[in-house]
1. Classify the stretch 191-299 as rounded, prolate or oblate, taking a ≥ b ≥ c as the square roots of the eigenvalues of its Cα gyration tensor: rounded when a/c is under 1.5, otherwise prolate if a/b is larger than b/c and oblate if not.
2. Residues of the stretch 169-186 with amide nitrogen under 17 Å from the 7 Å Cα-to-Cβ point of residue 142?
3. What distance in nm separates the simple spin-label points at residue 151 and residue 267, each placed 7 Å from Cα in the Cβ direction?
4. Over the stretch 182-262, what is the relative contact order in percent, taking alpha-carbon pairs closer than 8 angstrom and at least six residues apart?
5. Would you order 172, 201, 212 from fewest to most other beta-carbon atoms within 10 Å of each residue's own beta-carbon?
6. Describe numerically, in nm with one decimal, the distance between label points set 7 Å from Cα along Cα→Cβ at residue 202 and at residue 43.
7. Can you sort 218, 198, 105, 72 by how many other beta carbons sit within 10 Å, fewest first?
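Only the coordinates and a few stated rules stand behind these numbers; no lab work does. Only a predicted model underlies this, so the values are computations on that prediction, with no experimental measurement involved. Positions of Cβ are backbone-derived with ideal geometry, glycine not excepted, and every protein chain shown enters the neighbour counts.
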Amino acid sequence: MSFSDREKQLIRAAFSWGQITQKEGYTLSDLEIEKSVLFRRLLAGRPPLAFPPPLRHGFPWYEVIEGRGEYVVNASEPSPECSIIAPGSKPGDTCILIDGAFWRVAETIREREEYVVEWGQYPIQWRLKKHWEVNYEMTQQLHNFRKENPTAQISFDRRSDQRDYGEFRIDDEQTVWLSEWQLSRIGLSGWVWVGTPVELDSRMQLAPLFQDQQGPLVIGEDGKKRGCGWLRIEHAGSEYRFIKLGEKLEYQSLIAAAITEFGSLLHGIQGEELEIIDWRNGQPLRQFSVPIQLAPLEQFDLREQNYDLVPDNAFGN
């Protein structure tokens with residue numbers, strides 16, 4: 001008896017899904033199978049993330065972990081009352097309800113306007129910010145009403161000394177503004193979390209070998225001319241992401257190739273697993289092993305950069 005590739009994939013997905021749901025205490029009912037986002041993900045050949053993702057309206061929200069998009073969400077007032085049920089929170093932590101799930105507030109930028117939030121065990125952060133836009137239709141309706149009823153008294157429930165009515169505002173020019181909450185990632189994208197976190201090797205001292213206008217482009221073993229080499233593939237603010245190119249590389253040649261043949265280096269990586277390092281403040285932050293077929297290599301900028309001259313610091317530490 002033999003199975004088709006599709007049947008084998010179905011068996012593997014069902015086995016993995018059963019293990020995960022049993023661990024998390026879910027039942028294997030027909031209803032759970034029908035609505036399971038995780039099972040559909042496994043059937044599509046994508047593994048579960050390292051940690052459970054947030055829920056959005058009751059369903060796993062993988063995109064907010066793996067992507068770097070901006071999302072319009074509903075958010076409540078921050079409160080410590082539900083910290084005991086918020087994943088990754090300690091009793092007394094301030095939490096905020098975002099699309100039906102409690103997130104931890106790491107920092108309040110502006111009360112009722114902007115927060116830095118976190119979810120569960122992920123060591124990453126998001127910005128939750130209220131965005132205001134003019135509603136021209138409501139503004140016109142208000143102007144027409146005042147024109148037709150010049151003596152009418154209009155009052156709104158509002159806090160003292162503020163023209164803030166929760167979801168909308170009216171400014172001194174009688175313009176109506178509506179608000180929406182927007183959630184966006186801070187730092188690097190989260191696609192690496194489909195892989196396996198790897199403990200950093202403290203014996204290997206890595207250092208930038210060459211920097212361009214955006215920061216370190218190549219890192220390698222400090223004080224050596226040959227060794228393992230890593231190429232920058234992403235950066236966001238002060239954080240950088242590097243992919244390992246090999247173990248015994250000649251650094252002078254590697255730096256020259258990184259400047260002029262970025263795409264060739266990236267596509268020349270061998271093996272089934274990619275080694276990824278996130279970097280911040282001159283130090284490795286975390287490391288992952290990611291199956292090569294799950295890495296979005298096509299999203300990286302593969303345009304070759306052409307330099308007429310190699311910079312003076314190209315071969316220095």
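1. Numbers: a/c = 1.30, a/b = 1.16, b/c = 1.12.
Since a/c stays below 1.5, the shape of the stretch 191-299 is classed as rounded.
2. Hits in the stretch 169-186 for residue 142 at 17 Å: 169-180.
3. In this crude spin-label approximation the distance works out to 7.9 nm.
4. Working: 113 pairs, mean separation 19.1, N = 81.
Relative contact order for the stretch 182-262 comes out at 24 percent.
5. On the way: 172 6, 201 11, 212 16.
So the ranking, lowest neighbour count to highest, is 172, 201, 212.
6. Distance between the two pseudo-spin positions: 4.7 nm.
7. Details: 218 24, 198 14, 105 21, 72 10.
Least to most surrounded, the residues fall as 72, 198, 105, 218.
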